[in-house]
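To start, the structure under review is shown below, and the notes come after it.
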Amino acid sequence: MLADLLPLAAAAAESLGPEPEPGAGLFPAEEALVRTADPRRRAEFTAGRACARTALARLGVPATPVLTGPAGEPRWPAGVTGSITHCAGYRACAVARTADLAGLGIDAEPDARLPAGLIESVTSDAERAWIARLAAAGPAVCWDRLLFSAKEAAGKFWYPLTGQWPRFGDLTVFPGTDGTFEADLAGSAVTGRWLARAGLIVTAVSWAGG
């Protein structure tokens, strides 16, 4: 799924089904990050790093620990940017050389309605009106979940570039029925892509810079 959303400069890896044994294949420095975490978090972390290892190899980057930054974001080798995502039954990673892509963010969510009350806490009136019109035209996807996922992908894209997560009101997203979405990040406009398939929603934002 993910490869269909990314430019050719990016390398991706994804896996489906049960997560690997927690801790399997981690570097000691990575294992130390989740040693005291609960089993679910350790399994998610392990699965994400396994995808990261595969994606980096496809980019021609040797295996190396992928540690975390101050906000829990992955810290990539020098000259590399990327993003990791996971949800129930699915996990993925996308990476690229910064000479080719300055920023990259991905997210995956189940194609199901958001829990009651969540959409109001992360969207504006205009965004909710927009997805209400899309939903009335046809239930191709759970539009509220798609909007949430697109914002997550945009935030993951934005943080490594600025060192800040978008504040409420700084990030506005309007999805399209053509598999794209427009994101306004504090006045900077980027276009993302989305795909709904096999009960999942996957979103991606990338930018070549310049």
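Observations on the structure shown:
- Selection of the stretch 182-197 for residues being part of a strand (DSSP E or B), of a type outside the set (S, T, Y), out of contact with any Gly (no Cβ under 7 Å at 6 or more places or on another chain) and open to solvent by 60 Å² or more (accessible area, probe 1.4 Å) yields E182, D184, A189, R197.
- Subset tally (residues that are aromatic (F, W, Y) and open to solvent by less than 60 Å² (accessible area, probe 1.4 Å)) for the stretch 144-181: 5
- Evaluating H86 against the criteria (1) over 17 Å from the mean Cα position of the chain (by Cα); (2) open to solvent by 20 Å² or more (accessible area, probe 1.4 Å); (3) modelled with pLDDT under 95 leaves one unmet condition, (1).
- Restricting D144, D100 to those that are in contact (Cβ under 8 Å) with a residue 24 or more places away in the chain, within 19 Å of the chain's Cα centre (by Cα) and in a loop (DSSP other than H, G, I, E, B) reduces the list to D100.
- Test for I106: is it open to solvent by 10 Å² or more (accessible area, probe 1.4 Å), among the aliphatic types (A, V, I, L, M), at pLDDT 95 or above and closer than 25 Å to F148 by Cβ: no
- Checking L200 against (1) buried (at least 17 other Cβ atoms within 10 Å of the Cβ); (2) in contact with a Gly (Cβ under 7 Å, 6 or more places away or on another chain), the condition it does not meet: (2)
- Answer from R49, R35, R58, R40 - the residue that is open to solvent by 50 Å² or more (accessible area, probe 1.4 Å), at pLDDT 95 or above and more than 18 Å from F157 (Cβ to Cβ): R58
The values are calculated or read from the model by the stated rules, or taken from the named source; none is laboratory data. Please read all numbers here as calculations on a predicted model, not as lab measurements. Here the Cβ is made from the backbone with ideal geometry for all residues, glycine too, and neighbour counts use every protein chain on show. Accessible surface is based on the protein model in full, side chains and every heavy atom, while ligands, DNA and RNA are left aside. Shrake-Rupley method; radii C 1.70, N 1.55, O 1.52, S 1.80 Å.
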